[in-house]
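Trainee: Got a structure for you, written out below as structure tokens; questions coming shortly.
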Amino acid sequence: MLEEIILAGFGGQGVMSMGQLLAYAGMMEDKHVSWIPSYGPEMRGGTANCSVTISDAPVSSPLISEPHTLIVLNRPSLEKFEQDVQPDGLLLLNSSLVDLEPKRQDLSVLKIPASELADEKLKNSRVANMIILGAFVELTKAVSMDSVIAALKKVLPEYRHNLIPLNRQALEIGADLARAGR
């Protein structure tokens, strides 16, 4: 199994946290992982993306030029990375913030109104990223949901561990949407 993912959005949307969660979850499952963050000129509000590789075999290079999966949380990220995804790859996008249709016809696309769902169902817009992540985990099975939830204890600072149940709910909403949208 080899899963190469690019996650992209604005700084502050939790792109780096999503990548870290995947990397930690992979390590907990004794998989080979890499995580490479990339920031735009501003931290919060600027562009941010990260590359994550999860594999059963050693990762020869952490650089990803043609990901299997692209997760985009904003329109500029779709415009920047869509052309890089492998043919027959997976595109997950936050349709609350991406008002552009993907150009590629050879991708499996799942549009999730993650920001709206986070606001309406969970009353916390900061977990929109976790809804998308839950869909990714359900669709790819690259790591288990239990490992992602356990990884929250490593990624979130201890004073934020009270948010783990909320993040779990967001992950479950995303997984449910993925099952329904297949």
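The values are calculated or read from the model by the stated rules, or taken from the named source; none is laboratory data. As the structure is a computational prediction, the values presented were derived from the model and not from experiment. Glycine also receives a Cβ, built like all others from the backbone with ideal geometry; neighbour counts cover every protein chain displayed.
Trainee: Considering each residue of the range 65-89, count those that are of a type in the set (Ser, Thr, Tyr) and under 18 Å from Ile54 (Cβ atoms), and give that number.
Mentor: Looking only at that region, the number is 2.
Trainee: Which count do you get for residues in the range 103-147 that are assigned to a helix (DSSP H, G or I) and in contact with a strand residue (DSSP E or B) (Cβ under 7 Å, 6 or more places away or on another chain)?
Mentor: So the answer is 9.
Trainee: Going through Glu116, Glu158 one at a time, which residue ends up being more than 15 Å from the chain's Cα centre (by Cα) and free of Cβ contacts under 8 Å to residues at least 12 places away in the same chain?
Mentor: On inspection, the qualifying residue turns out to be Glu158.
Trainee: Can you name the residue in the range 76-103 that is out of contact with any Gly (no Cβ under 7 Å at 6 or more places or on another chain) and of a type in the set (S, T, N, Q) and, of all such residues, is surrounded by the fewest Cβ atoms within 10 Å (Cβ to Cβ)?
Mentor: For the range 76-103, the residue satisfying everything is Gln83.
Trainee: Here's another thing I want to ask about it. Quickly run through the range 152-170 and pick out the residues that are among the polar types (S, T, N, Q) and over 20 Å from Met27 (Cβ atoms).
Mentor: Across the range 152-170, the qualifying residues are Asn162, Gln169.
Trainee: Further, regarding this structure: When you scan the range 42-60, do you find a residue that is assigned to a loop (DSSP other than H, G, I, E, B), at positive phi and modelled with pLDDT under 90, even just one?
Mentor: Yes, some residue in the range 42-60 is assigned to a loop (DSSP other than H, G, I, E, B), at positive phi and modelled with pLDDT under 90.
Trainee: Among the numbered criteria (1) touching a Cys at 6+ places or on another chain (Cβ under 6 Å); (2) part of a loop (DSSP other than H, G, I, E, B), which single criterion is violated by Pro37?
Mentor: (2)
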